[in-house]
Amino acid sequence: MSTAIYKKGQGFWTRQMSTVAAAVLTLLGAIWISDQFRGAEWFNLQPIYWRAIVGVIWCGVFGLLIYSFIWVKPRSVDFLVATETEMKKVNWSTRHEIVGSTVVVILLAAGIAGFCRIFDYVFLLLFSSIKVLDA
């Protein structure tokens with residue numbers, strides 16, 4: 001199996017972001033697996049060494065898998081390259097449209113929160129007046 005990068009220069013951003021996401025997940029997994037060896041004291045080695053060994057092995061194994069899957073394996077590389085090609089064809093919204101939509105969503109969320117707050121207060125008064133709540 002070749003370790004050379006397949007279709008070098010194509011699908012740059014999809015490969016980069018996929019690598020970053022996979023690396024973050026791998027590092028979080030390494031933290032988790034090293035925590036599993038917190039009390040392990042085998043062969044007169046302190047737990048900190050076992051935790052480091054397991055974390056490095058975890059990162060090495062998954063790093064190689066990520067490299068081969070994202071950068072070398074033709075089927076997945078073709079998919080990532082095709083994805084980036086399609087992303088370039090999309091007609092993206094303008095900044096003005098995005099800002100307007102964001103403002104509408106924020107105001108609507110604030111309005112719903114205010115509506116819920118008012119009805120919470122109304123129910124508090126109602127249930128306090130009929131002695132269901134001790135407020």
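Where a number appears in this text, it was derived from the coordinates with a stated rule and is not lab data. Quick caveat: nothing in here was measured; it's all calculated off a predicted structure. Using ideal geometry, Cβ is built from the backbone for each residue, glycine included, and neighbour counts are taken over all protein chains shown.
Rounded to the nearest Hz, the phi-derived 3J(HN,Hα) couplings of region 32-44 under the Karplus curve 6.51 cos²θ - 1.76 cosθ + 1.60 (θ = phi - 60°) are 5, 5, 6, 5, 5, 9, 4, x, 6, 10, 9, 6, 6, where x marks glycine and proline. Pairs of Cα atoms in the chain fall into 10 Å distance bins, from 0 up to the last occupied one, in shares of 10, 19, 15, 17, 17, 14, 6, 1 percent. Remark: Tyr49, Tyr6 ranked as Tyr49, Tyr6, counting other beta-carbon atoms within 10 Å and listing the fewest first. Comparing mean-square fluctuations of Asp78, Asp120, Asp35 from a GNM of the chain with C-alpha springs under 10 Å, the top value falls on Asp120. Between the helical axis of 47-67 and the longest alpha-carbon principal axis of the chain there is an angle of about 80 degrees. Against the main long axis of the alpha-carbon atoms of the chain, helix 95-129 sits at an angle near 50°. Working note: Debye formula, equal point scatterers on the alpha-carbon atoms of region 92-135, no solvent; log10 I(q)/I(0) at q = 0.23, 0.32 Å⁻¹ is -0.76, -0.97. In terms of its C-alpha gyration tensor, region 12-89 comes out prolate, because a/c is 1.5 or above and the ratio a/b outweighs b/c.
About the centre of its Cα atoms, region 12-89 shows a dipole size close to 180 debye [charges on the beta carbon of Lys, Arg (+1) and Asp, Glu (-1) only; nearest 20 debye].
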